[in-house]
């Protein structure tokens, strides 16, 4: 028998571990899961305890064969996949597929890829935890059953090529429900009063806010009239000492939220970058519910803080995990070596590492001490009071390193600093303004706040958030986009120099950036499932299933009994709905076209949402595709009628007609059989003949500058692209290898590159 074989999931992880183990050890990767349920509907034996029929993926057969050869020659096989349910399942699948012998197979796990952690794990091997494996299997089997049984119903009742899922459908429902809350919200006007004051002999301008809001312009004006000739003075000063404490170290979901706020990362991007940092041995495992830190990490942080900031900045803290249903007892996400304040890597890796480092260090630092001062200013003709607030940092503590981000933007501080004031001190009102504002409705979800909500509801776990969001994007149920908001005229009344002036300004209500917006098909599917399969979209039910998975992981529940309790009534319901005569018809009568008197209807077409002008039996009815972001249930008649303005004849250029329209990939113009995308600032509704000609000429210039060579007889063109030179052939692009001169390529060279990449 030969040396030790260590099997991990990823090549990067294998490379890092191999550096630590040295001679006598071979470290190989399984490249993730090697087995899964087959893609057809024959993957689960429902009649015999929901037994899954696993098969080795076609692209993993060589990997399995190579690992089998190595395992047969090894004296010991160490299964070193990640220490969570997914990692445990990978270890078991490897054990089962390679037909390993329990006598010379050990399972090891670790929270970080460092030499001490790896050597420690080798000293304390264990058996595969079959409770964890069964918990992962239960999730996989249940999600497959739900997906495979619900999807055909959606194809039949709603539209082809749709899918449903136990967690993804709940996530879509959250976004749909929030959109409807916003549509139903009535932005009510109110007047907020603010004043600018100064003390005699002082140059400081102090800004205060009135402790009352007014419902309308008349009551606001009446208040300002009372302030004319009013004598103002300081009527109260209160100073309080306060403390601010640092946030706990990162869990998976909190890292996703903070990386979105501070770095603008998507949830999937955060996980991808974090995975790379973990596999390089730079951070601890990135899928965790825990805020716990090891004693080694705490002591190392204490030494670093004391050395670099001073002993007064150190405060040892151990946080307790509050997450609902928190599973495996990992550490929080932290740097493996606190001393490493910087790392080598991509810009994204450096930024995310810095965020994790700062959060970890701050969690072990002293509270910040602050002094909060509140000043009240009263007038002899009014009952209301103006309030000024200021906060002074007495000791910065953890704030020296890190301040946690917020999803809701905080209001501006009323006063950054205050001069010395005493009660009874006269104050001069330089200006008092009553400004009309509008109450703000609920905010749409971002990726990060959706994760936060799912976690609050107990739905999903650290490993599921990123793939769930990616799935609903891929299905076309939601999009990430900006909302322009609605412009409203707002009034302002200003008292200055004893006179009240009135002005108006435009306030935009509901403007949001990079938020999750439901698409029409997402709304239709949500409504159908909520009506016909309410348990699938019920938040409490979905959270209860997660708790069942946790119980399976603890060994207190049997996995296939949990599946059976759910499946029997669910399958009966599926059979009922598959044979009933009810179909969903997502359509809405918007109004009547004033020009023709015909009804205007918004509805789902066969492939996308459309607007129809004319009744269903009207032989001359017209159709127009809806624009991205337009929803059937909120589309206005004005916007619906605009859709029939396209395609629009713009003019002619070089004796050929130019038309403008909106297609699958956005607005474009068509000329001479070619399509030209319109950039920002150009609208298909208003583009002129001159502007269109400019677009065409610019596109030609770009094409000419990108052309390197062509072989028409082989349908090959060699071009310079944004990411380097490439070959265009048969409607597809093929990258030209580095150190190859694209200008010297022959037709045969090109065909060889194409065939190699195929």
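Residues that are touching a residue at least 60 places away in the same chain (Cβ under 8 Å) and assigned to a loop (DSSP other than H, G, I, E, B) were ranked within the range 348-376; the one that is surrounded by the fewest Cβ atoms within 10 Å (Cβ to Cβ) is 367.
Taking the criterion of being surrounded by fewer than 18 Cβ atoms within 10 Å (Cβ to Cβ) and within 26 Å of the chain's Cα centre (by Cα), the only residue of the range 149-159 that qualifies is 151. Farther than 30 Å from residue 356 by Cβ and not in a strand (DSSP E or B) - does that describe any residue in the range 236-253? Within the range 236-253 (the criterion being farther than 30 Å from residue 356 by Cβ and not in a strand (DSSP E or B)), the answer is no, since none of the residues qualifies.
Of the residues 259, 311, 303, 329, which is at pLDDT below 95 and either surrounded by fewer than 19 Cβ atoms within 10 Å (Cβ to Cβ) or over 17 Å from residue 461 (Cβ atoms) (or both)? Please lay out each step first, then the result.
Working: 259 fails: at pLDDT below 95; 311 fails: at pLDDT below 95; 303 fails: at pLDDT below 95.
Answer to the selection: 329.
Residue count for the range 214-228 satisfying the condition of being outside any helix (DSSP H, G or I) and surrounded by 15 or more Cβ atoms within 10 Å (Cβ to Cβ): 1. Checked against (1) in contact with a helix residue (DSSP H, G or I) (Cβ under 9 Å, 6 or more places away or on another chain); (2) closer than 23 Å to residue 507 by Cα; (3) in a helix (DSSP H, G or I), residue 210 passes all but a single condition, namely (3). For the range 332-347, a residue qualifies if it is surrounded by 17 or more Cβ atoms within 10 Å (Cβ to Cβ) and farther than 22 Å from residue 83 by Cβ, and exactly one does: 343.
From the list 575, 630, pick out the single residue that is out of contact with any helix residue (DSSP H, G or I) (no Cβ under 6 Å at 6 or more places or on another chain) and either part of a helix (DSSP H, G or I) or modelled with pLDDT of 95 or more (or both).
From the options 575, 630, the qualifying one is 575.
Could you check the range 377-485 for strands (runs of 3 or more DSSP E) lying wholly inside it with 3 or more residues that are at pLDDT below 95 and more than 26 Å from residue 220 (Cα to Cα)? Reasoning before the result, please.
On the way: elements: 385-395, 426-438, 478-483.
Those strands (runs of 3 or more DSSP E) span 385-395, 478-483.
Restricting attention to the range 639-665 and to residues that are closer than 21 Å to residue 586 by Cβ and at pLDDT 90 or above, the residue that is surrounded by the fewest Cβ atoms within 10 Å (Cβ to Cβ) turns out to be 639. For the range 12-26, filtering for residues that are farther than 21 Å from residue 92 by Cβ and either assigned to a helix (DSSP H, G or I) or outside the structural domain of residue 76 (by TED's automatic domain parsing) (or both) leaves 7.
Within the set 582, 654, the sole residue that is more than 31 Å from the chain's Cα centre (by Cα) and closer than 26 Å to residue 678 by Cα turns out to be 654. When restricted to residues that are modelled with pLDDT of 95 or more and either farther than 22 Å from residue 136 by Cα or not in a helix (DSSP H, G or I) (or both), the range 530-554 contains 0.
Going residue by residue through the range 566-576, is there one that turns out to be surrounded by 14 or more Cβ atoms within 10 Å (Cβ to Cβ) and closer than 30 Å to residue 684 by Cβ?
Checked against the condition, which is being surrounded by 14 or more Cβ atoms within 10 Å (Cβ to Cβ) and closer than 30 Å to residue 684 by Cβ, the range 566-576 yields no hits at all.
With respect to residue 662, is the statement that it is under 30 Å from the mean Cα position of the chain (by Cα) and part of a loop (DSSP other than H, G, I, E, B) true? No, not satisfied. Checking the stated criteria, residue 506 turns out not to satisfy the condition of being outside the structural domain of residue 331 (by TED's automatic domain parsing), in a strand (DSSP E or B) and within 30 Å of residue 160 (Cβ to Cβ).
With respect to the conditions (1) over 16 Å from residue 29 (Cα atoms); (2) at pLDDT below 95, residue 109 falls short on a single one, namely (1).
The values are calculated or read from the model by the stated rules, or taken from the named source; none is laboratory data. These numbers were taken from a predicted model, which means no experiment stands behind them. For neighbour counting, all protein chains shown are included, and Cβ atoms are generated from backbone atoms with ideal geometry for every residue, glycine included.
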